[in-house]
1. With the structure loaded, tell me whether Thr62 is closer than 25 Å to Leu153 by Cα, at pLDDT 85 or above and of a type in the set (Ser, Thr, Tyr) or whether it fails that test.
2. Anything in region 312-336 that is buried (at least 21 other Cβ atoms within 10 Å of the Cβ) and closer than 26 Å to Gly72 by Cβ? List them, or say none.
3. Return the total of residues in region 335-352 being within 30 Å of Lys131 (Cα to Cα), assigned to a helix (DSSP H, G or I) and in contact with a Phe, Trp or Tyr (Cβ under 8 Å, 6 or more places away or on another chain).
4. Looking at Leu50, Leu57, Leu83, which is the one that is part of a helix (DSSP H, G or I) and either among the basic types (Lys, Arg) or modelled with pLDDT of 85 or more (or both)?
5. Among the residues of region 13-20, are any more than 21 Å from Phe227 (Cβ to Cβ) and aromatic (Phe, Trp, Tyr)?
6. When residues of region 320-334 are filtered for being in a loop (DSSP other than H, G, I, E, B) and basic (Lys, Arg), how many remain?
7. Find all pairs meeting these conditions: Cβ atoms under 9 angstrom apart; at least six residues apart or on different chains; first residue within region 143-165 and over 24 Å from Leu319 (Cβ atoms) and loosely packed, with under 11 Cβ neighbours inside 10 Å; second residue among the β-branched types (Val, Ile, Thr) and at pLDDT below 95.
8. State yes or no: is Leu155 modelled with pLDDT of 90 or more, farther than 24 Å from Leu50 by Cβ and not in a helix (DSSP H, G or I)?
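The values are calculated or read from the model by the stated rules, or taken from the named source; none is laboratory data. All figures in this text were calculated on a predicted structure; none of them were measured in a lab. Methodologically, a virtual Cβ is constructed for each residue, glycine included, from the backbone with ideal geometry; neighbour enumeration extends over all protein chains shown.
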Amino acid sequence: MIHFVSLIVCAVAIYLSCEWFVNAVEWLGQRLDVGRMAVGTILAAFGTALPESVVTLVAVTTGADDEAKNIGVGAAMGGPLALATVAYGVTGVMLHIERRKDDAPTPAAGSTQAGAGAGDTDGVDALGAAKDMRRLAKDQKWFLPVFVVKVALGLVTFAFKPVLGLLFFGAYAVYFWHEIRRGDDGDEHEELEPLKLQPRADAPATWAVVVQTLAALAVIFLASQLFVRQLDTIGPMLGLPAAVTALLLSPIATELPEVMNAIIWVRQGKTRLALANISGAMMIQATVPSGLGLLFTTWKFDGPLLWSGLITMAAIVYLLLTMRAHRLTPGRLAVAALFYVVFGLGLIPILD
């Protein structure tokens, strides 16, 4: 029972610390004078993905044997899978819930609101205009080719393969520079909520912004690690094989901060920031852990790892096609989570 209670406590701690983190990182973006979308794709994504990258680094560099090092390879594949499916799916569900609240008829204007979305796709055009769809699709276009190369390298063996890990670091450097230079894409600046550490200050001190950002990240990191450990314990208690826990449950746990960030931003009405955080985190997960894995392991995929790669690519292709057709709605975004269900069902014959 204590493990289940600890799991809930950790989840609550992650959510609350993410509230402090997104609050601080928006102020940090203003201090650094980066575009609003770069706050999501670079600052927030880098902050929440950094702890996971550190875990991968420790696994691949200090693992006693190949099996221990391959934990890092599994993390490098599980992260993008969970983000491309569960994170986007949860965001879609939250968007749908928030839109239902906004569209709920009131005594004064029930008839007007009821028909507000009649001309939209599926009655709801929650994810913006064509420009927004192009912006979201561009992020996926950055991710997909890098991820395809990442999976392809897991199927072959040659002498200089480890050196190619450096190319993944280079790919992220190019993406980083591109996002920083992109600016706001014409977006209007939104008024920021007061910094939680200095709630009465109209313009909080830079030291307070940095302290709140780092402190929130520290809590996110510790609570996430405890969350994963509790899952590792609860899995066998429920009769789940260790491989299922590692491949099916742990990736969700490690990407929980990104999911929490997205939920918080959706609740604040900042949909583009929520989606940018996920796409930015996906780009980090596709490059940094992969580069580390290539440098320090054999980077050879077995059946489950290959299956995770195929499902991730299928989910991204689905999202890309929907975005390019300007038909991405909360419902269609939520469908991405079903790819994770397919992944879980596909594991059954693979692990038997």
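1. no
2. Residues satisfying the conditions are Thr312, Ala315, Ile316, Ala336.
3. Our first condition is that a residue be within 30 Å of Lys131 (Cα to Cα); within region 335-352, this holds for 335-340.
Now drop any that are not assigned to a helix (DSSP H, G or I), which leaves 336-340.
Add one more test, that the residue is in contact with a Phe, Trp or Tyr (Cβ under 8 Å, 6 or more places away or on another chain), and what stays is 336-337, 339.
Within region 335-352, residues that are within 30 Å of Lys131 (Cα to Cα), assigned to a helix (DSSP H, G or I) and in contact with a Phe, Trp or Tyr (Cβ under 8 Å, 6 or more places away or on another chain) number 3.
4. Only one candidate passes the filter, namely Leu83.
5. There is no residue in region 13-20 that is more than 21 Å from Phe227 (Cβ to Cβ) and aromatic (Phe, Trp, Tyr).
6. The initial filter retains those residues of region 320-334 that are in a loop (DSSP other than H, G, I, E, B), namely 325-329.
Applying the additional criterion that residues be basic (Lys, Arg) yields 327.
Looking only at that region, the number is 1.
7. Thr157/Thr298
8. It is true that Leu155 is modelled with pLDDT of 90 or more, farther than 24 Å from Leu50 by Cβ and not in a helix (DSSP H, G or I).
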